[in-house]
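Before any comments, here is the structure.
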Amino acid sequence: MNTLHVFSRRCAASFFMLALTAAIPAAAQSFPDKPVTIISDAAAGASPDVATRFIADGLSRRWGQKVLVVNRPGANGSIGARAAADAVADGYTLYAPTLSTFVAVPTVAPNLPVKLPRDFLPIGFIADQPMFIAVDPALGITTLPQLIARATREPGKISIAQTGVGRMTHLTGELLQQQAHIKLLTVPYARGPASAIGDIASGRVSMIIEGFSGIIGAVKAGQVKLIATAAAARLPEFPDLPTVAETIPNFSAAGWLVLVAPVGTPAPIVDKISVDLAKVVTDQDVRQRLGATGSYPRAMTAAETAAFVAEQQAIWLPVLQGISQAPPAK
């Protein structure tokens, strides 16, 4: 990409932001004048939680107000969805649901609110989070082909930590088993990757699939070894880490999260937050910091966000519906 093209894109983005800002009524320009809460349906320390906190910090600095992240994990995301839907629709309580919530909740609890824009007003996109495959170093496995070969020879003996039914981590594991024609032993955990790392480090569980920020501490400590990413192409922050697609053609799996508001939130406030969110996710410092944790932010309008979520639901709902009910999490 040449310098002129990059400059033109940046200018276009700047004019776009200026146009949106100019369209916001003066009454909404003073929003917020008190702390804002973002509900996350992810467990503390999980990849979506980490990305949400980066964005909350960016919005806090832009607004000059505290932006607090409150975790409401559990029940496939329905606890967080219900808490967000019941919040006062004034812009001071927002919700950062993940792909997993939009896929799992309609399957296990079809009456709970996760449809855009019926149940929530879309604000914008936060980040993509490609999945990473990590194993217990004691296994002696250093590549995905080696993992597949071992699992083929010994079906059901390699165990995989499942950090939530319907989460992207779960869906990716199921997709890997389907496309590699292997059988893994699922060990469910209800409280996110942190609760599984100890068992992997002690050799009780063989592997985990998770966004990078959810396992970054374990990777740095040598408790787990990365062997592949499910990103569509090698990531610039991990140039030596192969993709799953290099072994299983066209394999790609990434979680993501968006920002939404309860129905009834005034449109000018939604528009104001949307513009400010876009400024945060396009900030170079934020992008670099998130990229280092395996999250890749990008800006979308509210309409683009709603269309993206609907498209992703159409892709992943059939995958989850084809998965047999998992055993209770411990």
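Tabulated data for the structure shown
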{"read-out": "Carbon and sulfur %, accessible surface of region 164-223 computed with the full protein complex present, 1.4 Å", "value": "53 percent"}
{"read-out": "Accessible area per residue in Å² at 1.4 Å probe, computed on region 211-330", "value": "44 Å²"}
{"read-out": "Leading residue at positive end of dipole, the chain (Cβ point charges), from 274, 263, 186", "value": "186"}
{"read-out": "Antiparallel %, DSSP beta bridges [both residues in the chain], to 5", "value": "60 percent"}
{"read-out": "Positive minus negative residues near residue 37 (Lys, Arg vs Asp, Glu; Cβ under 12 Å)", "value": "+2"}
{"read-out": "Region 57-176 - Rg and Dmax from Cα coordinates, angstrom", "value": "18.8, 58"}
{"read-out": "Gap separating the Cα centres of region 138-180 and region 239-281, nearest whole Å", "value": "26 Å"}
{"read-out": "Counted charge near residue 97, where neighbours are those whose Cβ lies closer than 15 Å (Asp, Glu -1; Lys, Arg +1)", "value": "0"}
{"read-out": "Cα→Cβ-extended label distance, 7 Å offset, between residue 33 and residue 250, nm", "value": "5.6 nm"}
{"read-out": "Most to least packed among 60-68, 44-52 [average Cβ atoms within 10 Å]", "value": "44-52, 60-68"}
{"read-out": "Probe 1.4 Å, accessible area per residue of region 36-143, Å²", "value": "34 Å²"}
{"read-out": "Within the accessible area of region 83-129 (1.4 Å probe), percent carbon and sulfur", "value": "55 percent"}
{"read-out": "Pairs of Lys in the chain closer than 17 Å at Cα, counting only those 8 or more apart or on different chains", "value": "4"}
{"read-out": "Rg/Rh (Cα only; Kirkwood hydrodynamic radius) as it applies to region 221-302", "value": "1.10"}
{"read-out": "Rounded tilt (10° steps) of 302-321 against the dominant C-alpha axis of the chain", "value": "20 degrees"}
{"read-out": "With Cα atoms, 0 to 90° folded angle of helix 47-63 axis to the chain main axis", "value": "20 degrees"}
{"read-out": "Share of alpha-carbon pairs per 10 Å distance bin for the chain, given as whole %", "value": "6, 26, 34, 22, 10, 2, 0"}
{"read-out": "Over the chain, relative contact order from alpha-carbon pairs under 8 Å, at least 6 apart, %", "value": "26 percent"}
{"read-out": "The chain: angle of helix 267-281 to the longest principal axis, Cα-based, in degrees nearest 10", "value": "50 degrees"}
{"read-out": "Net charge, residue 77 excluded, C-beta distance under 12 Å - Lys, Arg +1, Asp, Glu -1", "value": "+2"}
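The values are calculated or read from the model by the stated rules, or taken from the named source; none is laboratory data. Source: prediction; values computed, not measured. Virtual Cβ from ideal backbone geometry, glycine too; neighbours counted across all protein chains shown. Surface accessibility is based on the protein's heavy atoms, side chains included, excluding ligands, DNA and RNA. Shrake-Rupley method; radii C 1.70, N 1.55, O 1.52, S 1.80 Å.
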